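Everything below concerns the one structure shown next.
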Amino acid sequence: MIRSKIIATGAYIPTERIPNEYFLNATFFEGNQSMVRNATETVIDKFSAITGIMERRYASSGIAASDMAVIAAQEAIANAGIDPESIDQVIVAHNYGDMSYPGAPRDAVPSLASRVKHKLGIHNPRCIPYDIIFGCPGWLQAVIQADLAMRSGMAHTSLVIGSETLSRVLDPSDRDSMIFSDGAGASILQVNSEDDSGILSVAMRSDTTTAASFIFSGGRNDMVDSEPRFIKMNGRKVYEYVLDYVPRAMKECFDQIGESISALKMVFLHQANEKMDQAIIKRFYSLYGLDQFPENIMPMNIAWMGNSSVATIPTLLHQVVQGQLKSFELKKGDTILMASVGAGMNINALTYRW
């Protein structure tokens, strides 16, 4: 049976560390433009208790999403030991295109994937680059798209990247902006017909009728700028939607492989909110009649990296593969589950045998 297999990973972690104390001088407003009455220090303390975020990473001025994507791709290509000219498709997941600084135009023509191919110096005209915009689950959706192309015979080697500079679309008067960060993660996938490692199953869903406006673009909460250039979300609605549907999608995906839940070694969730991810994993296991989930089942990096949208799962996977997260190690034959959710609202999940 032909499967797609991840043979190497790479990542770019921005060097600018932004601790929670960075926001102490901020004045926060609600979405209805009323001022948040609690002291800013209290707001930050509550924020860190809920999200688990203590610091996040911002890209330096002048570094755009495609720049980070290239660096992550170069590491993945080097780790794979392949000739870049052998790559059949380059897929880049993002949401805001290239922005060199906060407030910069959102530049996505040509596609970021075309820019990555160009900057990597790939001459092969049969290497097809394209972008995917799918909210935070974009990288995982790109992996699914790559798998479909590879299993159909349209490609043998794929470069899949998630890259985003959310720091360029933040409203400094919106406390939710403390969640977001920048980063890029890349993976090289190849067709595998030699053993049983690779992608085993996928599940997806989209709810645009009722949930399309849960994450959107809007003006600043303090009305300093009313142009819809800033990322916004209805946190309560997002939380409720996530807990209703993400665990079910995960179960639908995992059940397709016909294995006991005890065989699941690790779960890679979109790094959006620590408490929310814990609630997701708890509810997922409850669908199997289990009150507790195993220790060391869910690696996390949100505490020091924040929510970098499409980059969260591929950077987390890279850190685990490279042994950068203590107590988390992938071994050949391990079964893992990846799942993500974001603007759309869109959900996807994927099971994989390492």
Next on the checklist: If I filter the stretch 2-21 down to residues being among the polar types (S, T, N, Q) and outside any helix (DSSP H, G or I), which single residue comes out as surrounded by the fewest Cβ atoms within 10 Å (Cβ to Cβ)?
Outcome noted: T15
Checklist entry - Among E259, E295, E227, which is the only one that is in the same structural domain as A343 (by TED's automatic domain parsing), surrounded by fewer than 15 Cβ atoms within 10 Å (Cβ to Cβ), assigned to a loop (DSSP other than H, G, I, E, B) and in contact (Cβ under 8 Å) with a residue 40 or more places away in the chain? => result E259
Next on the checklist: When you scan the stretch 22-34, do you find a residue that is assigned to a helix (DSSP H, G or I), modelled with pLDDT of 95 or more and more than 30 Å from A155 (Cα to Cα), even just one?
Outcome noted: yes
Next on the checklist: Exactly one condition in (1) modelled with pLDDT of 95 or more; (2) within 22 Å of E164 (Cα to Cα) is false for G81; which is it?
Outcome noted: (2)
Item to check | Residue identified as over 30 Å from M276 (Cβ atoms) and loosely packed, with under 13 Cβ neighbours inside 10 Å among V70, V109, V90, V116 | outcome: V109
Checklist entry - Within the bounds of the stretch 237-255, is there any residue that is in a helix (DSSP H, G or I) and either at positive phi or over 24 Å from the mean Cα position of the chain (by Cα) (or both)? => result no
Checklist entry - For the subset of the stretch 262-292 comprising residues that are without any contact (Cβ under 8 Å) to a residue 60 or more places away in the chain and among the small types (G, A, S), which member is surrounded by the most Cβ atoms within 10 Å (Cβ to Cβ)? => result A279
Checklist outcome for this item: Sole miss for V70 among (1) of a type outside the set (S, T, Y); (2) in a loop (DSSP other than H, G, I, E, B); (3) closer than 24 Å to V321 by Cα is condition (2)
Checklist entry - Would you say I91 is over 17 Å from the mean Cα position of the chain (by Cα), under 30 Å from A155 (Cβ atoms) and outside any loop (DSSP other than H, G, I, E, B)? => result no
Next on the checklist: If I go through the stretch 119-161 residue by residue, how many of them are aromatic (F, W, Y) and either loosely packed, with under 15 Cβ neighbours inside 10 Å or free of Cβ contacts under 8 Å to residues at least 60 places away in the same chain (or both)?
Outcome noted: 1
Checklist outcome for this item: The residue that is surrounded by the fewest Cβ atoms within 10 Å (Cβ to Cβ), considering only those in the stretch 230-242 that are farther than 20 Å from M35 by Cβ and in contact (Cβ under 8 Å) with a residue 60 or more places away in the chain, is Y241
Checklist outcome for this item: Those residues of the stretch 262-292 which are among the aromatic types (F, W, Y) and in a helix (DSSP H, G or I) amount to F284, Y285
Next on the checklist: Could you check the stretch 189-216 and list, in sequence order, the residues that are under 22 Å from I231 (Cβ atoms) and surrounded by 15 or more Cβ atoms within 10 Å (Cβ to Cβ)?
Outcome noted: S206, D207, A211, F214, I215
Item to check | Unique match (being at positive phi and in contact (Cβ under 8 Å) with a residue 60 or more places away in the chain) among G62, G52 | outcome: G52
Checklist outcome for this item: The one condition A249 fails out of (1) assigned by TED's automatic domain parsing to the domain that holds S60; (2) surrounded by fewer than 23 Cβ atoms within 10 Å (Cβ to Cβ); (3) of a type in the set (A, V, I, L, M, F, W, C) is (1)
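The values are calculated or read from the model by the stated rules, or taken from the named source; none is laboratory data. These numbers come from a predicted model, not from an experiment. Cβ sites come from the backbone with ideal geometry, for glycine too, and all protein chains shown count toward neighbours.
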